[in-house]
């Protein structure tokens, strides 16, 4: 069985063959292996064969950014102005700016340690920024990377609990949650608690809960960890369906699939100690 390091070395070689600059190829491979390790996955299982992933990456990097479609934009659902976050002497985020309207998708990319999850927490209101301003719509759905579900509740119990927060009836919340789950290729069972679901299915539940109340702003922090390729593509189809329905979507990702279709690409630099 190929080790993660061997897979990374193969990815570098295939990226170079695809015409990617050596330093960029090295960083892409390094980040891909690190992200797989942080998710507890083998990179070959998460991304597929190195040669196939290198082809997708090469195609994406060489492709011109597509002009946004002529869609009607809604009101501003999120505005970040010079947002900064510090932990002691360490600056995690520095001067982040973004304006996101309803009917738009923004992707946040960056190396490990660049503050992607911290930024999503700030947007969700669970972490306070050290500087700058954050303006957001009151109707927000959030799928964090971790700790988004309770291990001892079934999917239906999650639907009822989250629905109650949004003043939805139990019947409506279960019906809505079940419909959204089916869009991700999942039919929740009544007798299985979240702890007994696979990691990928827990993430599907996380995504469903973020959209249960039809929010105006959907925040997604790499929610596709553990998804198979088919479900991963279904996930992006759902992201663009939310956009077409008028929601603003902010998604943290380290994969390059479909980034040519997003409206905004926010790249965060590596955090520093200054």
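Summing -39500 (n - 2.57) over the DSSP H runs of n ≥ 4 in the chain and dividing by its residue number, what mean residue ellipticity at 222 nm do you reach, to the nearest 500 deg cm²/dmol?
Helix contribution divided over all residues of the chain: -12500 deg cm²/dmol.
Between residue 192 and residue 5, how high is the FRET efficiency from 1/(1 + (r/R0)^6) when r is the Cβ-Cβ distance and R₀ = 35 Å? Nearest 0.05.
Taking R0 as 35 Å, the efficiency between residue 192 and residue 5 is 0.45.
Can you tell me which of 106-119, 199-212, 40-53 comes out highest on packing, and rank the rest after it, using the mean Cβ neighbours within 10 Å?
Ranked by mean Cβ neighbours within 10 Å, highest first: 199-212, 106-119, 40-53.
Over the alpha carbons of the chain, what is the largest minus smallest coordinate on each principal axis, giving the biggest first in Å?
Largest first, the chain extends 56, 45, 44 Å along its Cα principal axes.
Of all DSSP beta bridges located in segment 71-274, what percent are antiparallel, nearest 5?
DSSP beta bridges in segment 71-274 are roughly 45 percent antiparallel.
Take every Cα-Cα pair in segment 158-227 and report what % of them are more than 16 Å apart.
46 percent
I need to check one value: relative contact order of segment 119-251, counting alpha carbon pairs closer than 8 Å and at least 6 residues apart, in percent.
31 percent
If I take R0 = 30 Å and measure r between the Cβ atoms of residue 51 and residue 261 in this structure, what FRET efficiency does the formula 1/(1 + (r/R0)^6) give, to the nearest 0.05?
After rounding, the FRET efficiency stands at 0.80.
Just so you know, all these numbers are worked out from the coordinates, no wet-lab data involved. Keep in mind it's a predicted model, so treat the numbers as computed, not measured. Every residue, glycine as well, gets a Cβ built from its backbone with ideal geometry; the counts of neighbours run over all protein chains shown.
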